[in-house]
Amino acid sequence: MIAVGLMSGTSLDGVDAALVRLVPRGRSYEVDVIDFQTTPYGDDEGAALRDTLPPNEGSARAVARLHRMLGQTFARAALNVAGKTSVDFVASHGQTIFHDGDAHTTLQVGDPFVIRQAIGSTVCYDFRSADCAAGGQGAPLVPYVDALLLASDAEDRVAVNVGGIANLTVIPRRSAPQDVVAYDSGPGNMLIDAFIFRRTNGRERFDRDGKTALAGSADRPVLDAMLADPYFSLAPPKTTGRERFGMQFLDEHQARLDALSLEDGAATLVALTAASLASAIEASAAPAARVIVSGGGAKNPAVLRELRQRLPDRRVETSDVMNLRADAKEAVAFAILGYETLRGRAANVPRATGADGPVVLGAIAPYDLDALLDKLRTECRA
């Protein structure tokens, strides 16, 4: 099956699109990433997102317009990565504009029917709502795929994703998807990006190659003040997002950060990401568990350096060493979750989300669905 996985996370930098060939292999899949591209958000999309996202209060009219606008962006991303390749289905996570896991409330926008109209294929979407309806937090969902693709009979592993928010999946050796432990550790790139954007008056949107943070030193008192946030001491399952670790978190600590140079401020926020991740790993994973990092943070040398320094007794590598592109992993994961939706297989991890039990995720915008399901059944039987 040829699929496009679409993902836009809390970093708000654009839409990641992975063109993948998926072949069922037992419980798991053989995955071939044919192409991967990121379609950046333009100025209009960025402005609409900032106006709608917390701490701002977006109107119903603004949300509806954003839903259509981002549907067009997601469609363009799917078309760009597909090129002339015929696509069997698209799986789109959408863009989260509100998430309150404790209240079992989540909303992603990016109209799937606009995507379907553009690409002429079935679109799987709205992956989080089913878990919320079953009493879960609707996140994290990628741990199910982490377990399918990264579980090992030989060693314990921890899959780490550093996007806007950082999360981890603890995968004991010989474990099934429902055996893993997973949760959000805290901020990933979100605060670093927001700090750079604010301090450069919008000239820079992120710390390219971690150069700013690498030129600075973390300030321990400021770091300790930020680590005192109650989220870090909560027991899992737990999930978080922009509602807690957005611009308002920087506002809370603005006086402390204003006293630091640009370089030291960036280094301190990198240390916050790494310290909260390292603490979660040490608390939840076996002592020798191998740490496999993906997401945008896997391309940030400052984040990797800080994480390795805080986990000196562990192997810390990017998922590229597992033949799984670090920048593409989440988009690939949603392509796999889309396949699971079409198969009618439960794909949440209740012990990670807090749901009452396993549920089938996702909704379907159908396009020649009978033919697609016939092809799927043939592949699965083979």
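Quick check: from the Cα gyration tensor, does region 313-382 come out rounded (a/c under 1.5), prolate or oblate? It would help to have the intermediate numbers written out before the result.
Working: a/c = 2.49, a/b = 1.49, b/c = 1.67.
Oblate, since a/c reaches 1.5 and b/c is not below a/b.
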Inset, instruction - Any chance you could check the Cα centroid distance between region 56-71 and region 118-186 for me, in angstrom? - result: 28
Legend entry - Environment charge of S121, counting only residues whose C-beta is closer than 13 Å and scoring Lys/Arg +1, Asp/Glu -1: 0
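Enumerate by residue number the chymotrypsin sites (Phe, Trp or Tyr not before Pro) in region 31-86 meeting two conditions: DSSP loop (anything except H, G, I, E, B), and at most 16 other Cβ atoms within 10 Å of the site's Cβ.
On the way: sites: F36, Y41, F74; in loops: Y41.
Counting only loop positions with at most 16 other Cβ atoms within 10 Å, none of the chymotrypsin sites (Phe, Trp or Tyr not before Pro) in region 31-86 qualifies.
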Legend entry - Phi-based couplings in Hz for region 345-362 (Karplus 6.51, -1.76, 1.60; Gly and Pro marked x): 9, 4, 9, 9, 10, x, 6, 8, 9, x, 5, 5, x, x, 9, 6, 9, x
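Suppose R0 equals 35 Å; then what is the FRET efficiency for A154 and R305 from their Cβ-Cβ distance, rounded to the nearest 0.05?
Working: r = 27 Å, r/R0 = 0.78.
So, using R0 = 35 Å, E works out to roughly 0.80.
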Legend entry - Choice from A335, A355, A225 with maximal GNM fluctuation in the chain (Cα, 10 Å cutoff): A225
Legend entry - Total charge dipole magnitude, the chain, about the Cα centre, Cβ charges on Lys, Arg, Asp, Glu only, Debye to nearest 20: 620
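With a ≥ b ≥ c taken as the square roots of the eigenvalues of the C-alpha gyration tensor of region 114-238, please select rounded if a/c is under 1.5 and otherwise prolate if a/b is larger than b/c or oblate if it is not? Mind dumping the intermediate values first?
Details: a/c = 1.88, a/b = 1.30, b/c = 1.44.
Verdict is oblate for region 114-238.
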Legend entry - Neighbour-count ranking [beta-carbon atoms within 10 angstrom, fewest first] of T353, T96: T96, T353
Legend entry - DSSP bridge orientation in region 142-322 - percent antiparallel, rounded to nearest 5: 60
Inset, instruction - With 5 Å bins from zero, work out the P(r) of region 142-322 over every alpha carbon pair and list the percent per bin. - result: 1, 9, 18, 22, 20, 14, 9, 5, 2, 1
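How much length is gained if the chain between T85 and E317 is pulled fully straight, taking 0.36 nm per residue apart and subtracting their Cα-Cα distance, in nm to one decimal?
Values: separation 232, 0.36 × 232 = 83.52 nm, distance 3.23 nm.
Using 0.36 nm per residue and subtracting the Cα-Cα distance, I get 80.3 nm.
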Inset, instruction - List every residue whose amide H lies under 5 Å from the amide H of T318, counting only residues 5 or more places away in sequence or on a different chain, with H placed 1.01 Å from N in the peptide plane. - result: V293
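On full extension of the chain, what length is gained from E379 through A228, given 0.36 nm per residue of separation minus the C-alpha to C-alpha distance? Don't jump to the answer; show the numbers that get you there.
Numbers: separation 151, 0.36 × 151 = 54.36 nm, distance 5.08 nm.
Full extension of this stretch gives 49.3 nm more.
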Inset, instruction - Consider just the alpha-carbon atoms of the chain and return their Rg together with their Dmax, both in angstrom. - result: 19.8, 63
Inset, instruction - Highest first, please rank the peptides 193-200, 130-137 by the mean number of other Cβ atoms sitting within 10 Å of their residues. - result: 130-137, 193-200
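Can you compute the charge dipole magnitude of region 142-322 about its Cα centre, using +1 on each Lys and Arg Cβ and -1 on each Asp and Glu Cβ, nothing else charged? Give it in debye, rounded to the nearest 20.
240
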Inset, instruction - Tell me the label-point distance for the pair D356, R68, using the 7 Å Cα-to-Cβ offset, in nm and rounded to one decimal. - result: 3.8
Legend entry - Rg/Rg_globular for region 1-156, with Rg_globular taken as 2.2 N^0.38 Å and Rg from C-alpha atoms: 1.09
Inset, instruction - Rank P236, P287, P187 by mean-square fluctuation in a GNM of the chain with C-alpha springs under 10 angstrom and give only the top-ranked residue. - result: P287
Legend entry - Antiparallel content of DSSP bridges confined to the chain, in %, to 5: 70
Inset, instruction - Treat every Asp and Glu Cβ in region 238-281 as -1 and every Lys and Arg Cβ as +1, leave all other atoms uncharged, and give the resulting dipole magnitude about the Cα centre to the nearest 20 debye. - result: 260
Legend entry - Hits among aspartates and glutamates - C-alpha to C-alpha of K299 under 16 Å, sequence gap 8 or more where chains match: D13, D16, D193, D207, D209, E317, D320, D327, E330
Inset, instruction - Check every DSSP H run in the chain and write down those whose alpha carbon atoms cover 20 angstrom or more along the long axis and whose mean Kyte-Doolittle hydropathy is 1.0 or greater. - result: 262-284
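Read-outs: derived from the displayed coordinates by stated rules, not from any lab. Predicted model only: the values in this text are computed from it and were never measured. Neighbour counts are summed over all protein chains in view; Cβ atoms, including those assigned to glycine, are modelled from backbone coordinates with ideal geometry.
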